[in-house]
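The values are calculated or read from the model by the stated rules, or taken from the named source; none is laboratory data. Every value quoted in this text rests on a predicted model; they were computed, and no experiment measured them. Because the Cβ atoms are built from the backbone with ideal geometry, glycine has one as well, and the counts that use them run over all protein chains shown. We work out accessible area using only protein heavy atoms, side chains counted, and drop any ligands, DNA or RNA first. Shrake-Rupley method; radii C 1.70, N 1.55, O 1.52, S 1.80 Å.
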Amino acid sequence: MPSWTLPSFILAQPIQWNALLLFGSLLLFGLIGGHLVSKNPWIPRITGYLLAGFALGVGGLNLLSGDVLRLANIFADIAVALMVYQLGRYVDIGWLRREKWLLVTVLSSALLCFLFVFAALEWCGLPRPVAMLAGVLAIGTAPAVVMVVVRDLKAEGHITRRLAAMTALNNLIALLAAYLLLPIVATEGLTNLATLVSHTLYSLCGSLLLAYVTYRLTMPLARFFGRERTRQFVLVVSVITLSIGAAHALQLPVLLTMLLFSILSKNLDLQYDLMELEFDIASELFIVVLFVTIGASTRLSDLFTIGVAVAALIGARFAAIGCSVFMFARPARLKWRQAGVLVMGNLPMAEAGMGVGLIQISLLYPHTTAEIAPLLAGALIVLELFGPVATQLALKLSGESGRES
């Protein structure tokens, strides 16, 4: 009986993951997880993506870890950039001038979040620098979660717009505050203060400059292609991809750069050359990969080892948001029910690795990031799983959901 074997030269090297194999696998497993959980109308699909990633990642089968996970982060960056671009388009300076109490609410929420989280973590015995930095990072609301749920429910209205604008502004404040605070609280003994300050100035000014240059290059192209949806869609995606590549090459925070570009393009485009676009199916591909990747990087050990501190962070953050929203609900002409909806919608916390760029700054702040990472990871395990459910429930209760998920 003849036997067939592969020629030795065909598999001369071990089979390795490549970008296409990884992208397809993440999409397939994420799609399956999302479909299974979506049978329950109160659980959003992204929770299924997270669970699928957890099963494949370091907390499960450990198929997505190390270099494979770092490769997946490239696709995750694109997803975050697409979501942040759409989110930033909700920040209309003219509208904010009329809705001045919204801006007051955001600023007070950021201040209370820092103070409450800082006090709670210091009471838990954490070092003061870690407690202060965690207080700043806790300000941000997860942009991808909010935008995905808004899109899935086709939510539109006063509360939805306020939630989106609050999310964008919260992240902008968190990013700026984190980079300003890092040189003060950093525990790096071998790095002098001048280097740390220079890094902060470079990150903030470089992001603003890159965002402005991107805006100045995009507007003439938008006028050249005209107000044709397909061409503008390709233009925006290509600009976003180029901006991500430039931010990585220049070691600039991706989310801050994209958020600034989006806000500039919304408020400086007085001729409305750039259209309002819906990314829908195209962004869905990267969304699946994003949340599967987040799930794959989740370790339950991070939650169990510092459970008390994680509970304190989440409780203090929720209390701060609740106090600020209800404090200014009456001047902002919000009913108590609407205020409660906004508090619930802001529950998911921005993913630290992408939202604030801890991965990018870890080379300069290795000790500081090592101290803060387990606490943030533990909080994100809880908030990434339950935050999307809270946001979806909030938008359904607001009455602005266009369809049931």
Mind listing whichever residues of segment 213-257 are more than 20 Å from Gly88 (Cβ to Cβ) and among the aromatic types (Phe, Trp, Tyr)? Phe224, Phe225
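Going by the conditions given, is Phe261 modelled with pLDDT of 85 or more, assigned to a helix (DSSP H, G or I) and loosely packed, with under 13 Cβ neighbours inside 10 Å? Steps first, please.
Details: modelled with pLDDT of 85 or more: yes; assigned to a helix (DSSP H, G or I): yes; loosely packed, with under 13 Cβ neighbours inside 10 Å: no.
No.
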Here the residues within segment 89-100 that are closer than 18 Å to Asn171 by Cα and assigned to a helix (DSSP H, G or I) are Ile93, Leu96
Looking at the structure I just gave you, is Leu290 modelled with pLDDT under 85, open to solvent by less than 50 Å² (accessible area, probe 1.4 Å) and farther than 17 Å from Gly378 by Cα? yes
Can you find a residue that is of a type in the set (Lys, Arg) and modelled with pLDDT of 90 or more anywhere in segment 305-318? yes
Of the numbered conditions (1) part of a helix (DSSP H, G or I); (2) open to solvent by 50 Å² or more (accessible area, probe 1.4 Å), Ala246 fails exactly one; give the number of that condition. (2)
Looking only at residues in segment 88-107 that are open to solvent by 20 Å² or more (accessible area, probe 1.4 Å) and modelled with pLDDT of 90 or more, which one is nearest to His158 (Cα to Cα)? Val104
Can you list residue pairs whose Cβ atoms sit under 6 Å apart, with the first residue in segment 129-149 being outside any helix (DSSP H, G or I) and the second being of a type in the set (Ser, Thr, Tyr) and open to solvent by less than 10 Å² (accessible area, probe 1.4 Å)? Count only pairs 6 or more apart in sequence or on different chains. Thr141/Thr167
Scanning for something in contact with a helix residue (DSSP H, G or I) (Cβ under 6 Å, 6 or more places away or on another chain) and without any contact (Cβ under 8 Å) to a residue 12 or more places away in the chain, does segment 106-115 turn up at least one residue? no
Would you mind telling me which numbered condition in (1) part of a helix (DSSP H, G or I); (2) more than 15 Å from Asn346 (Cα to Cα) Leu126 fails? (1)
Failed condition for His158, given (1) more than 17 Å from Phe291 (Cβ to Cβ); (2) touching a helix residue (DSSP H, G or I) at 6+ places or on another chain (Cβ under 7 Å): (2)
Could you identify the single residue in Ala186, Ala178 that is modelled with pLDDT under 85 and open to solvent by 10 Å² or more (accessible area, probe 1.4 Å)? Ala186
With criteria (1) modelled with pLDDT of 85 or more; (2) surrounded by 22 or more Cβ atoms within 10 Å (Cβ to Cβ); (3) closer than 25 Å to Ile46 by Cβ, Ser324 comes up short on (3)
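Check whether at least one residue in segment 45-55 is among the aliphatic types (A, V, I, L, M) and modelled with pLDDT of 85 or more, and report yes or no. Walk me through how you get there before you give the answer.
Going residue by residue through segment 45-55, those that are among the aliphatic types (A, V, I, L, M) are 46, 50-52, 55.
Filter once more, keeping what is modelled with pLDDT of 85 or more: none.
Checking segment 45-55: not a single residue is among the aliphatic types (A, V, I, L, M) and modelled with pLDDT of 85 or more.
Would you mind finding the one in Phe23, Phe29, Phe9 that is within 18 Å of Val288 (Cα to Cα), at pLDDT below 75 and not β-branched (Val, Ile, Thr)?
Values: Phe29 fails: at pLDDT below 75; Phe9 fails: within 18 Å of Val288 (Cα to Cα).
When all the criteria are applied, what remains is Phe23.
Within segment 160-168, is even one residue within 20 Å of the chain's Cα centre (by Cα), hydroxyl-bearing (Ser, Thr, Tyr) and either closer than 30 Å to Ala332 by Cβ or open to solvent by 10 Å² or more (accessible area, probe 1.4 Å) (or both)?
Our first condition is that a residue be within 20 Å of the chain's Cα centre (by Cα); within segment 160-168, this holds for 160-168.
Right, trim to hydroxyl-bearing (Ser, Thr, Tyr) and you get 160, 167.
In the following step, the residues that additionally are either closer than 30 Å to Ala332 by Cβ or open to solvent by 10 Å² or more (accessible area, probe 1.4 Å) (or both) were identified as 160, 167.
Yes: one or more hits.
For segment 35-51, give me each residue that is part of a helix (DSSP H, G or I) and under 19 Å from the mean Cα position of the chain (by Cα).
The answer is Arg45, Ile46, Thr47, Gly48, Tyr49, Leu50, Leu51.
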Elements of type helices (runs of 4 or more DSSP H) contained in segment 333-405, each with 2 or more residues being modelled with pLDDT under 80 and of a type in the set (Val, Ile, Thr): 358-361, 366-398
Cβ pairs under 9 Å, 6+ apart or interchain, first in segment 325-337 and closer than 16 Å to Leu103 by Cβ, second surrounded by 11 or more Cβ atoms within 10 Å (Cβ to Cβ) and among the acidic types (Asp, Glu), ordered by first then second residue, are Ala332/Glu99
